[in-house]
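Engineer: Sharing a structure, written as structure tokens. Questions coming.
The values are calculated or read from the model by the stated rules, or taken from the named source; none is laboratory data. What you see is a predicted model, and the numbers here were worked out from it, not measured in a lab. Quick reminder, even Gly has a Cβ in these numbers, built from the backbone with ideal geometry, and neighbours come from all protein chains shown. Note: areas computed on protein heavy atoms with side chains; ligands, DNA, RNA excluded. Shrake-Rupley method; radii C 1.70, N 1.55, O 1.52, S 1.80 Å.
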Amino acid sequence: GDIVVATGSQAIDKLALGTNAYVLTADSTAATGLAWSTIASGGMTSIASGSLPTGASTVTLSSISGRYKNLQLVIRDVYPATATALNLQFNGNTSSVYRYVSAYYGATGPISGIDVNAATSLEISQTSLTATDNNNLIVVDIYDYANSATNKSGRYNSNIQSASYAQFINNASFAFNSTTAITSITIRNANASYNFSGGTYVLYGVN
């Protein structure tokens, strides 16, 4: 893991392997002119992306690095072959450890509320999606996801067309009651018999 460096004309040295998750940067104060350093804060890095698989009802984003502060998951144009809700699960955990509180504009009026405790997954559509591409957009922020000392929390916003043909605009907070660091996220249709017909995802690491 050492790197060969030049410190002058025909002068060769080595830079030893750096700390995990550090990046190589120019440093005029270092003997080799290079140094290992932490990633500058404030950036977003795409760490996983792709299309939701047609012919399948789930996709799992695994081996998520713990080097970032937060995660942001963006799901675009998602819709199922048959109307069903869209859910998330973390670390494949199917226990009753998910809770979410949502305010939304929907079919029953301008503002409604949902408070769900001890769920086995996190419903991020708040209703069944219509089986047609309606340019849906869902953004999920997961805070301090690599922390192994406390439970996790986050927020999501979604703008979707429901199976009842009403537009649902959600603003929600959620809790994942587990102290385990999040290393995988599963995007899944609530009804495992119904597959995806379209949609893409991007998972960002946020510093």
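Engineer: Counting only residues that are of a type outside the set (S, T, N, Q) and crowded, with 20+ Cβ neighbours inside 10 Å, which one in the range 164-187 is modelled with the lowest pLDDT?
Structural biologist: Phe168
Engineer: Taking Asn87 as meeting all but one of (1) surrounded by 11 or more Cβ atoms within 10 Å (Cβ to Cβ); (2) assigned to a strand (DSSP E or B); (3) out of contact with any Lys or Arg (no Cβ under 6 Å at 6 or more places or on another chain), write down the number of the exception.
Structural biologist: The one condition Asn87 does not meet is (3).
Engineer: What number goes with the only condition from (1) in contact (Cβ under 8 Å) with a residue 24 or more places away in the chain; (2) within 15 Å of Val74 (Cα to Cα); (3) open to solvent by 40 Å² or more (accessible area, probe 1.4 Å) that Arg155 does not pass?
Structural biologist: Arg155 satisfies all of (1) in contact (Cβ under 8 Å) with a residue 24 or more places away in the chain; (2) within 15 Å of Val74 (Cα to Cα); (3) open to solvent by 40 Å² or more (accessible area, probe 1.4 Å) except (1).
Engineer: Among the residues of the range 3-21 satisfying the criterion of being open to solvent by 90 Å² or more (accessible area, probe 1.4 Å) and assigned to a loop (DSSP other than H, G, I, E, B), which is modelled with the highest pLDDT?
Structural biologist: If we take residues in the range 3-21 being open to solvent by 90 Å² or more (accessible area, probe 1.4 Å) and assigned to a loop (DSSP other than H, G, I, E, B), then Leu17 is modelled with the highest pLDDT.
Engineer: Just wondering, is there one or more residues in the range 126-133 that are modelled with pLDDT of 95 or more, charged (D, E, K, R) and touching an Asp or Glu at 6+ places or on another chain (Cβ under 6 Å)?
Structural biologist: no
Engineer: From the list Thr183, Thr179, pick out the single residue that is in contact (Cβ under 8 Å) with a residue 60 or more places away in the chain and in a loop (DSSP other than H, G, I, E, B).
Structural biologist: The conditions single out Thr183.
Engineer: Oh, and also: Name the residues in the range 22-54 that are open to solvent by 50 Å² or more (accessible area, probe 1.4 Å), in contact (Cβ under 8 Å) with a residue 40 or more places away in the chain and not β-branched (Val, Ile, Thr), would you?
Structural biologist: Within the range 22-54, Ala40, Ser41, Gly42, Met44, Ser46, Ser49, Ser51 qualify.
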